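Some notes on the structure that comes next.
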Amino acid sequence: MDQPPSSVKLLGSWADSHTHRVQLALKLKGLEFEYQEEDFINPSPALLLHNPVYKKVPALLHGGRSIVESVVILQYIDETWTDNPIMPADPFERAVTRFWCHFTDDKLAPAVGLVFSSSGEGQKAAVDQVHENLKLLERELKDGAFKGRRFFGGDKIGLLDIVLGCGSYWLAVFEEVMEVKLIDPESFPVFHAWLRDFEEQQEVKETIPAIDRLLEYARGIRQMMLSLSNSSSSSSINNAAASSG
Amino acid sequence: MGEAKQVKLYGFSLSPYCTLVHLALKLKGVAYEYVEEDLTNKSATLLQLNPVHQKVPVLVVDGKPVAESRVILEYIDETWAEPSFLPSDPYSRARVRFWVDFFYQRMVPPSYAIIRSQGEELEKATKEFIEVLRILEKGIMEDFPRKKGPFIHGSSPGLLDIIVGAGNPGTKAIEEVADVKLFTEEMTPQLYSYVHAFLSLDLVKNTVVPYDQVLEAIKERRMMALSSSKE
C-alpha cells in the first residue's frame, strides 16, 4: 500500500449500523480516517479482498491489514489506541459488556430486522420478541449490572453504548414506517432516556444519518420487499433488513 | 491478585460449551466447584444466575455470574493470566476473535442439520460443514503460520485450540452416527494436526466426556430427530 502504515481507512455503507459503530469509535478516539462508501448489495473488489469470508462492511484497513466484524473491530481499536478506553478495565465488567454485545447482535437485532421484513402474524410475533428483549435491557439498566449509570459505560459512552446505540435508531424509524409500537417510553423509561441522551452526544450526532434519510431509505426497502411476490426475498434484501437491525 | 477466588461452574456434562469452560479452567490451573444441571428441570439457582438465556454454562466467581461460553473463556483468560489464551498484539487477537465467531456462527448449524437429516438434505449439510472447515483451515494457516509449537496458539493451547479441539469428539460421533466423513487429515491437514495435539494432552484426555457417552447422546438425538420427521 502507498499510504503510511499509520493511516486508517474504513470501508462502510452509510445506512449500515455496524459501519456507524466503527465510525463512532474512531471519532471518540479522535482518530482521523479515510472513508470509502460501499454498496453492500454489490461489494467492490476492495471489499471482497479485505473481507473474503463474509464480503460485508464494515472493514477497517490499518497497517496494511484488514479487520472485520464490528465488535472485533471496536476491540481492535481500543487495544491499538489506548487513550480514552471504550472497554472497562475490570474483567467482570468486560464480560458483562461482551455478554450484552452478543445479546444485541444475536437476539435484539434479528428481532428488530424481523419486524421490518415480515407482516401480519409474523410481524406481531417479532414485535413481541423485541419487547421481550427490551424488557431484559430495561431491567438491567434499572436494577441490574448498569443500575444508576448514565451510560452503559458509566459517565462516558463505552463499547456497549456504541454497539446498542448504533442500531437502536431503527426502532424509531421502523415504528413510523411499519406503524408498530416498539420503544414506548412508558414501558421502557430508562432505556428510552439512555437512548435520547446517547443520541444527543456530539460525536453520535455527527455519525448517525439524519432521521428523514433513514426513513426514506427504510420506506424504499420495505416497498421493494412488499412488491416482490411471496417467493423468498433475495439475499440482498435480507442483507438490507439484517444490517438495518 | 494473590488470593484464591471462589469459583463455581454450572453446567451439563454432555454440553460441549461446558466442556470448553472445564478445559479453560483446568489449563489455567484454577480450582473450582462443579454443579451438574438437569436441563429438563433447571435449578432455581441457574435461572437466577442466567435469567436472560437460562442456559449453561454459567461461571460464578466470588458470587458474580458470567454466562455465554465465548464470554466466559475471555473472562477466564483475563482473570488468570497464565498460560495466555490470546496473542498479545491487537491484530492477531482480532483474528482469533474473528475465527472464534466464525466457528460459532458457521460450524454449529450444519452439524445440527447433519444430525437430523437424511438423503439430499444430509448431503447438503455435510458439504456445508466440510466447506466451513476448509475455510477455517485456510484462514488459520494464513493468520497463524506455524510457530514454535504444536498448537494454533504456539507452544501452549489458546482460545482456538480449546474451541476447535473441544468440538472434535462431537464431530467424530456425528460422523459415526450419520455415516459421513467430516474431519480427515486429507481434507484439513493443519486442523487435524492441531486437534490431535490438543486432544493428546493428558489434561484434555482427563477432562473431556468419555467418547461412548458422546456417541450415545448423538445417536439418541438423531433417532429422535428422524422419527419425529416421519410424522
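The values are calculated or read from the model by the stated rules, or taken from the named source; none is laboratory data. Predicted model, so just to flag it, every value in this text is computed and none were measured. Methodologically, a virtual Cβ is constructed for each residue, glycine included, from the backbone with ideal geometry; neighbour enumeration extends over all protein chains shown. Protein only, heavy atoms only, side chains kept; ligands, DNA and RNA dropped before computing areas. Shrake-Rupley method; radii C 1.70, N 1.55, O 1.52, S 1.80 Å.
Take residue B:190 and tell me if it is under 18 Å from residue B:98 (Cβ atoms) and of a type in the set (S, T, N, Q).
So residue B:190 fits the description; yes.
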Name the residues in region B:193-222 that are farther than 15 Å from residue B:171 by Cα and either basic (Lys, Arg) or not in a helix (DSSP H, G or I) (or both), would you? B:200, B:201, B:205, B:206, B:207
Residues of region A:119-156 satisfying the condition of being part of a loop (DSSP other than H, G, I, E, B) and either open to solvent by 10 Å² or more (accessible area, probe 1.4 Å) or aliphatic (A, V, I, L, M) (or both): A:119, A:143, A:144, A:145, A:147, A:148, A:149, A:150, A:153, A:155, A:156
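What are the residues in region B:1-10 that are in contact with a Ser or Thr (Cβ under 8 Å, 6 or more places away or on another chain) and outside any strand (DSSP E or B), if any?
Kept after step one, since they are in contact with a Ser or Thr (Cβ under 8 Å, 6 or more places away or on another chain), are these residues of region B:1-10: B:5, B:10.
Matches in region B:1-10: B:5 only.
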Got at least one residue in region B:22-43 being touching a residue at least 12 places away in the same chain (Cβ under 8 Å), in contact with a Cys (Cβ under 6 Å, 6 or more places away or on another chain) and away from chain A (no Cβ under 13 Å)? no
Output the residues belonging to region A:157-176 that are open to solvent by less than 30 Å² (accessible area, probe 1.4 Å), of a type in the set (A, V, I, L, M) and over 20 Å from residue A:86 (Cα atoms). A:171, A:173
Single residue of A:110, A:58, A:43 found to be away from chain B (no Cβ under 14 Å), under 30 Å from residue A:227 (Cβ atoms) and either at pLDDT 95 or above or under 20 Å from the mean Cα position of the chain (by Cα) (or both): A:43
With respect to residue A:80, is the statement that it is of a type in the set (Val, Ile, Thr), within 14 Å of chain B (Cβ to nearest Cβ), over 18 Å from residue B:90 (Cβ atoms) and in contact with a helix residue (DSSP H, G or I) (Cβ under 9 Å, 6 or more places away or on another chain) true? no
Can you tell me which of (1) closer than 26 Å to residue B:24 by Cα; (2) open to solvent by less than 40 Å² (accessible area, probe 1.4 Å); (3) at pLDDT 95 or above is the one residue B:149 doesn't meet? (3)
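How many of the residues in region A:182-214 are in a helix (DSSP H, G or I), out of contact with any strand residue (DSSP E or B) (no Cβ under 8 Å at 6 or more places or on another chain) and open to solvent by less than 20 Å² (accessible area, probe 1.4 Å)? Step through it out loud before you land on a result.
Going residue by residue through region A:182-214, those that are in a helix (DSSP H, G or I) are A:189-200, A:202-207, A:211-214.
Next cut, out of contact with any strand residue (DSSP E or B) (no Cβ under 8 Å at 6 or more places or on another chain) only: A:189-193, A:195-196, A:199-200, A:202-207, A:211-214.
Pick out the ones that are also open to solvent by less than 20 Å² (accessible area, probe 1.4 Å) and you get A:191, A:195, A:204, A:207, A:214.
Count: 5.
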